[in-house]
Amino acid sequence: ATNSALRMSEARFRRIIESLQEGYIFYSQDTTRAFTYVSPSYRNILGYQQLDAMADSLKTDLDRPVNKMAQNMATKSLLGFRQSPWDLHVTCRDGTTKIMEIMEVPVLGLGG
């Protein structure tokens, strides 16, 4: 019964996140910063249809000098430190740049 309730709760949470099409991208990453989940809203917001293309673009964006502070904040989040929201300049599929406010909440497993 507990497992069934947990699956129902997870399904409900996923439906809520996936219904947010404008303004928010929810994601999770592993310790190598590889995406383990990205809400479908990234397609509408950034214009990419393939997750790999969006992920490659974000890796490049994170290395840009304008994103030096974002790179530091992302590294601290990866180490488990909760950060205040920070800005990330991202390149959309059409070549335009957007400034996204990132709010990461580190959730670490037993192994870190």
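Brief remarks follow.
- Applying the Karplus relation 6.51 cos²θ - 1.76 cosθ + 1.60 with θ = phi - 60° to region 84-89 yields 3J(HN,Hα) values of 6, x, 9, 8, 9, 7 Hz, where x marks Gly and Pro.
- Report summary: the helix-based calculation at 222 nm, which adds -39500 (n - 2.57) for every DSSP H run with n ≥ 4 and divides by the residues of the chain, gives -13000 deg cm²/dmol.
- When +1 charges are put on Lys and Arg Cβ atoms and -1 charges on Asp and Glu Cβ atoms, the dipole computed for the chain relative to its Cα centre reaches about 220 debye.
- Cα long-axis angle, helix 2-19 against the chain (0 to 90 degrees, to the nearest 10): 30 degrees
- Degrees, to the nearest 10: 68-78 long Cα axis against longest axis of the chain: 20 degrees
- With Cα atoms, 0 to 90° folded angle of helix 51-62 axis to the chain main axis: 50 degrees
Every number here is computed from the coordinates shown, using simple stated rules; none is lab data. All of these numbers come straight from a predicted model, not from anything done at the bench. Please note: Cβ atoms are built from the backbone with ideal geometry, for glycine as well, and neighbour counts cover all protein chains shown.
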